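Visitor: Have a look at this one.
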């Protein structure tokens, strides 16, 4: 029996409405691809930045947080007072904050989180951030007082790290597989090896997210990543692993390409205690033998900013000291001769897996060979690199990117893997720690940069860039990466 | 029949035992401390020691070997160092991708190889045979990951018939799951089909040279009937061996295809575990794969007994 016209019209109208609805709904869902999958979902007990890349600011929040320009802004703490001597911080928490399981977030949870991080059997990979805390006390449900053993100008900065987010004792048992935080998104599902799904937190204490849901897909292979983007299987790829394809995406009107800066200083780490690298003239020679731009163009396809010291160039206190190590192979040969090595010497160059190291290493080996320095290259996996280079200090040169923000302090540790021991620098770092006046801090940081540049501690190569390829209609993606995070709270689709 | 099965079972157990020792030794010898890797460069020494203790890494090698074997025999494959979740569950989840993929690829491979091999054998010496030989030569020579990337460029990027990768899951239905496995299965199947059809062809040609085939034809049986009823059954023995080997390869060796299509399968699990120094996952999953391969070979041996009456009456 043929369908009556009226019924047919109603069915088609319904079908049209459904498809129309489906199109509108798609605009509030986002699929972001990342290269690395988190090993688990607890940012407070592992070093893997991949955990923060998914959960920081989306699911978990701390007392303070990073804004997209790298500045520290209030997070769960809406304001704070610092005592005269700088050893006591009183945080005032936002009211009405709840965890995703409905329980309320109050000063008790802050105490629990900080005590857990600094505790004796804490598994926190950045325990040093909490080292100066002597006591955390609950003044009232919305006020926490943290006492430090000494003034620490970076305390607020430290509390913004992913390792310092606030967690709840009620849900701490299963945090690795079922993270419960206070953020604008709730954790919804994790298909291991494939994706993590988040949904909007309807009861968020702050401005709700524009997106209904977000899915993080994990694609480690650069070619697969390129294919997924071109086939529009994913809407955005943060830290796109195939920079050689960026021009193609830039030319395609479907996509936008955002290239920003990170906190990753890529350096040619030098073992300052291994002869002949213990001679500052030799290190200076190496610095002048290196052509940074050639490395950026050859290894990173032109994406990256040259640096002359261990500091992020987008930071207001950055000092451009690249002239100290300008490309000058003749000067390099002259310095080597002055140091007693007119016939050059041989050393090891141990390279971890990332392409900036493998590709960059070959370019540097060629540049060093041109001035007479022979390097024996060995390609290591991360676990081997940690054991041989980082812990064993059994290397001459290596290339690695230090991605922690504001980490110039590592040069004050004589037992750190490059074994730089300068008491003047160590004193400077100690003074910096207890200094809170911004102008004085700036001057100190610039002084620090000058010292390590002048001592040629390491070969300072370039700052890692973070290329993001996304659908042209997406708004609000961060350009820079002041910390490892994919903050989706302000991301939306334009119409 | 029984002594045959018993002998096969004994060799299965010995192989498993030897394999476990080799796997354990090789994995343990690998340099790098899993705890140091997991906690990163800023971790303090006491945190690393605490983690080593938690993971049981402070025990001696022999003690760890025994507890690993003991655990496996009772079904407990231990907890992954990285994910801290039961390995049995992880493997179970990944099997839902790797096993269907392997079967799908095997099915496609057999579907392509059998008619091709039959046709080539029937047309031996003539042009059809030469064409098939040429095509299979190409199929064997082409690297499957390159072929996979070509498939992605054509079918995913240009035509948009499939997604570029990823696994949609079985929750949305069998069809959507199979759709995400189709391009990977084709990429895996083609080289395998090339090999299998050649084996089929040569096995058939050899069988067709036997006396009983000439007798059948002399009795008046048509060429096709001879092929079907007499030649095929006998030619199946070498073909079954190859199918068994191919299944083992597809289960464990699909790692590159899993990377290209970013599928959450067993191959990628082992690969990631090796880079993350998740020793216990590597040991347990490799052991499981070895077990699967040995089991498949055992089943193929049993299939021989079913197909070949000479084996059934072996003393």
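The values are calculated or read from the model by the stated rules, or taken from the named source; none is laboratory data. Keep in mind it's a predicted model, so treat the numbers as computed, not measured. All Cβ positions, even for glycine, are placed from backbone atoms using ideal geometry, and neighbour counts span all protein chains on display.
Visitor: Here is a list: A:62, A:86, A:70. Which entry is modelled with pLDDT of 90 or more and part of a loop (DSSP other than H, G, I, E, B)?
Guide: When all the criteria are applied, what remains is A:62.
Visitor: Taking the range B:237-254 on its own, how many of its residues are within 14 Å of chain A (Cβ to nearest Cβ) and in a helix (DSSP H, G or I)?
Guide: Total meeting the criteria: 0.
Visitor: Hey, another quick one. Tell me, which residue of the range A:224-249 that is free of Cβ contacts under 8 Å to residues at least 60 places away in the same chain and surrounded by fewer than 20 Cβ atoms within 10 Å (Cβ to Cβ) is nearest to the other protein chains (Cβ to nearest Cβ)?
Guide: Going through the qualifying residues, I end up with A:248.
Visitor: Now for a different question. Of the conditions (1) surrounded by 14 or more Cβ atoms within 10 Å (Cβ to Cβ); (2) more than 12 Å from chain A (Cβ to nearest Cβ); (3) at pLDDT 80 or above; (4) in contact with a helix residue (DSSP H, G or I) (Cβ under 7 Å, 6 or more places away or on another chain), residue B:52 fails just one. Which one is it?
Guide: Condition (2) is where residue B:52 drops out.
Visitor: Within the range A:124-133, is even one residue in contact with a helix residue (DSSP H, G or I) (Cβ under 9 Å, 6 or more places away or on another chain), on the phi < 0 side of the Ramachandran plot and away from chain B (no Cβ under 14 Å)?
Guide: For the range A:124-133, residues in contact with a helix residue (DSSP H, G or I) (Cβ under 9 Å, 6 or more places away or on another chain), on the phi < 0 side of the Ramachandran plot and away from chain B (no Cβ under 14 Å): present.
Visitor: Specify which of the listed residues (B:154, B:142, B:112) is buried (at least 18 other Cβ atoms within 10 Å of the Cβ) and more than 30 Å from residue A:43 (Cβ to Cβ).
Guide: Only one candidate passes the filter, namely B:112.
Visitor: Kindly indicate whether any position in the range B:159-174 is in a helix (DSSP H, G or I), more than 11 Å from chain A (Cβ to nearest Cβ) and more than 19 Å from residue B:250 (Cβ to Cβ).
Guide: Yes, the conditions are met somewhere in the range B:159-174.
Visitor: Another question, if that's okay. Give B:257, B:294, B:274 a once-over and let me know the one that is more than 10 Å from chain A (Cβ to nearest Cβ) and either surrounded by 24 or more Cβ atoms within 10 Å (Cβ to Cβ) or under 30 Å from residue B:153 (Cβ atoms) (or both).
Guide: Exactly one residue qualifies, and that residue is B:257.
Visitor: Is it the case that some residue within the range A:419-432 is over 18 Å from residue A:317 (Cα atoms) and either within 11 Å of another protein chain (Cβ to nearest Cβ) or in contact with a strand residue (DSSP E or B) (Cβ under 7 Å, 6 or more places away or on another chain) (or both)?
Guide: No, because not a single residue in the range A:419-432 is over 18 Å from residue A:317 (Cα atoms) and either within 11 Å of another protein chain (Cβ to nearest Cβ) or in contact with a strand residue (DSSP E or B) (Cβ under 7 Å, 6 or more places away or on another chain) (or both).
Visitor: Do the conditions hold for residue A:275, that is, is it in a loop (DSSP other than H, G, I, E, B), more than 30 Å from residue A:365 (Cα to Cα) and more than 12 Å from every other protein chain (Cβ to nearest Cβ)?
Guide: no
Visitor: Look at the range B:69-91 and say how many of its residues are in a loop (DSSP other than H, G, I, E, B), away from chain A (no Cβ under 11 Å) and without any contact (Cβ under 8 Å) to a residue 24 or more places away in the chain.
Guide: Counting residues in the range B:69-91 that are in a loop (DSSP other than H, G, I, E, B), away from chain A (no Cβ under 11 Å) and without any contact (Cβ under 8 Å) to a residue 24 or more places away in the chain gives 3.
Visitor: Identify, please: which residue in the range A:97-123 is away from chain B (no Cβ under 14 Å) and surrounded by fewer than 17 Cβ atoms within 10 Å (Cβ to Cβ) and is, among those, nearest to residue A:46 (Cα to Cα)?
Guide: A:115
Visitor: Here's something else I'd like to know. Inspect all residues belonging to the range B:84-100 and state whether any of them is at pLDDT 85 or above and farther than 30 Å from residue A:174 by Cα.
Guide: Yes; the residues of the range B:84-100 include at least one that is at pLDDT 85 or above and farther than 30 Å from residue A:174 by Cα.
Visitor: I would also like to ask the following. Output the number of residues of the range A:366-397 satisfying the condition of being within 12 Å of chain B (Cβ to nearest Cβ) and either buried (at least 21 other Cβ atoms within 10 Å of the Cβ) or closer than 19 Å to residue B:44 by Cα (or both).
Guide: Here the count works out to 11.
Visitor: Moving on. Determine whether residue A:94 is within 14 Å of chain B (Cβ to nearest Cβ) and either surrounded by fewer than 19 Cβ atoms within 10 Å (Cβ to Cβ) or modelled with pLDDT under 95 (or both).
Guide: Taking the combined requirement at face value, the residue does not satisfy it.
Visitor: List the helices (runs of 4 or more DSSP H) inside the range A:298-391, counting only whole elements, that have at least 1 residues being more than 24 Å from residue A:451 (Cα to Cα) and touching a residue at least 60 places away in the same chain (Cβ under 8 Å).
Guide: Those helices (runs of 4 or more DSSP H) span A:355-369.
Visitor: Could you check how many residues of the range A:192-218 are touching a helix residue (DSSP H, G or I) at 6+ places or on another chain (Cβ under 8 Å) and within 14 Å of chain B (Cβ to nearest Cβ)?
Guide: Total satisfying the criteria: 5.
Visitor: Moving to a separate point now. Hey, among A:211, A:156, which residue is assigned to a helix (DSSP H, G or I), under 25 Å from the mean Cα position of the chain (by Cα) and farther than 30 Å from residue B:91 by Cβ?
Guide: When all the criteria are applied, what remains is A:156.
Visitor: Further question on the same structure: For the range A:436-479, which positions are modelled with pLDDT of 90 or more and in a loop (DSSP other than H, G, I, E, B)?
Guide: Listed by number, the residues that qualify are A:455, A:456, A:457, A:458, A:472, A:473, A:476, A:477, A:478, A:479.
Visitor: Right, something else. I'd like to know if the range B:171-182 contains one or more residues that are buried (at least 20 other Cβ atoms within 10 Å of the Cβ), closer than 14 Å to residue B:260 by Cβ, in contact (Cβ under 8 Å) with a residue 40 or more places away in the chain and touching a helix residue (DSSP H, G or I) at 6+ places or on another chain (Cβ under 6 Å).
Guide: yes
Visitor: Also, I was wondering about something else. Specify which of the listed residues (B:57, B:106, B:39) is within 24 Å of residue A:120 (Cβ to Cβ) and more than 10 Å from chain A (Cβ to nearest Cβ).
Guide: B:57
Visitor: Has the range B:241-260 got at least one residue that is at pLDDT 85 or above and more than 20 Å from the chain's Cα centre (by Cα)?
Guide: No, the range B:241-260 contains no residue that is at pLDDT 85 or above and more than 20 Å from the chain's Cα centre (by Cα).
Visitor: Still on this structure: When residue A:411 is evaluated against the numbered criteria (1) buried (at least 18 other Cβ atoms within 10 Å of the Cβ); (2) over 30 Å from residue A:151 (Cα atoms), which criterion, by number, is the only one it fails?
Guide: For residue A:411, the exception is condition (2).
Visitor: Out of (1) closer than 22 Å to residue B:161 by Cα; (2) within 14 Å of chain B (Cβ to nearest Cβ); (3) out of contact with any helix residue (DSSP H, G or I) (no Cβ under 8 Å at 6 or more places or on another chain), the odd one out for residue A:174 is which?
Guide: Just one mismatch for residue A:174, condition (1).
Visitor: Quick test of your reading of the structure: residue B:262 fulfils all but one of (1) more than 19 Å from residue B:78 (Cα to Cα); (2) within 14 Å of another protein chain (Cβ to nearest Cβ); (3) in a helix (DSSP H, G or I). Name the failing condition by number.
Guide: Answer for residue B:262: the failing condition is (3).
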